[in-house]
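Structure, as structure tokens:
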Amino acid sequence: MHQPSLLDLEGPATLHPVAAVRRTKLTAGAWVDHQPGWVEGSDELLDGLLHSVPWRAERREMYGRTVDVPRLVAWYDERTDLPHPLLHDARAALTSHYAPGFGEPFTTAGMCLYRDGHDSVAWHGDTIGRGATHDTLVAIVSFGSPRTLLLRPRGGGTTRRFALGHGDLLVMGGSCQRTWEHAVPKTSGAVGPRVSVQFRPTGVR
């Protein structure tokens, strides 16, 4: 279960500078930036997201039958106001840090709610749109109970593990969406809810 930290109890959520990210270089021009505790004091923000976001369930075809997607989702496009002021600040901070090298801002925000350890996301890359053919960025901010994000090269290879805790930032860049896959596996441990906020540039899903 997620337990509030002493820092989280002290006041409203704030952002640390993005400059503290640690980069892991992968293969084929892919890389991952990771900054634990990028958002400090994020319990109030988590509670707001759990109760104010219009979460919806999805169903999809798999192996010839329709099944429930094992998480809840929400989507905010370029014209939609985000559900918490700090998310606007986070998107602006990420754009300020990455846009000079990447050439375009973060504009959209997808969200996933992992209600407990039974919720997950299977191996995939964000390749709907330009991510299928061009280098791009996907920035994930995690709130709530820690979960493991796995990355592996497409076609096989060594799996990398990143433990994403409350307020952590992880950015996948370069060719990562085309040449690597990522997943959040189920866990048998007793874990509480986790909200994943994914910032992307226009035309990437």
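Throughout, read-outs are computed from the coordinates displayed, never taken from laboratory work. No experiment lies behind these values; they were computed from the predicted model shown. Using ideal geometry, Cβ is built from the backbone for each residue, glycine included, and neighbour counts are taken over all protein chains shown.
Rg and Dmax of the stretch 110-205 over Cα atoms: what are they, in angstrom?
Rg and Dmax of the stretch 110-205, Cα atoms, are 13.1, 39 Å.
Just how large is the dipole of the chain about the Cα centre, in debye to the nearest 20, putting +1 at every Lys and Arg Cβ and -1 at every Asp and Glu Cβ?
For the chain, the charge dipole is close to 980 debye.
State the answer as a single residue: which of L137, W38, A92 lies farthest towards the positive end of the charge dipole of the chain, with beta carbon charges of +1 for Lys and Arg and -1 for Asp and Glu, about the Cα centre.
Comparing the listed Cα positions along the dipole, L137 ranks first.
Which of I128, I140 has the fewest other C-beta atoms within 10 Å, and how do the rest follow up to the most? Numbers along the way, then the final one.
Details: I128 12, I140 22.
Going from sparsest to densest Cβ surroundings: I128, I140.
Considering only C-alpha atoms, what is the centroid distance from the stretch 146-205 to the stretch 41-72, in Å?
If we compute the Cα centre of each part, the gap is 16 Å.
Starting from the exponent 0.38 and prefactor 2.2 Å, build the expected Rg for the stretch 43-160 from its residue count and divide its actual Cα Rg by it. Don't jump to the answer; show the numbers that get you there.
Working: Rg = 16.0 Å, N = 118, 2.2 N^0.38 = 13.5 Å.
For the stretch 43-160, the normalised Cα radius of gyration is 1.19.
Connecting C-alpha atoms closer than 10 Å in a GNM of the chain, tell me which of A109, A13, A190 has the biggest fluctuation.
Answer for the Gaussian network model of the chain: A190.
Give the value in nm², to one decimal: projected area of the alpha carbon convex hull of the stretch 12-80, averaged over all directions.
Numbers: hull surface 33.3 nm².
With every direction weighted equally, the projected area is 8.3 nm².
Using Cα springs under 10 Å in a Gaussian network model of the chain, which residue among D89, D168, D126 shows the largest mean-square fluctuation?
Of D89, D168, D126, the Gaussian network model singles out D89 as fluctuating most.
For the chain, with a Gaussian network of springs between Cα atoms less than 10 Å apart, report the residue from G101, G173, G192 with the top mean-square fluctuation.
Maximum fluctuation in the GNM of the chain, among the listed residues, is at G101.
Over its Cα atoms, what ratio of radius of gyration to 2.2 N^0.38 Å does the chain give? Don't skip to the answer; put the middle values down first.
Values: Rg = 16.2 Å, N = 205, 2.2 N^0.38 = 16.6 Å.
After normalising by residue count via 2.2 N^0.38 Å, the value is 0.98.
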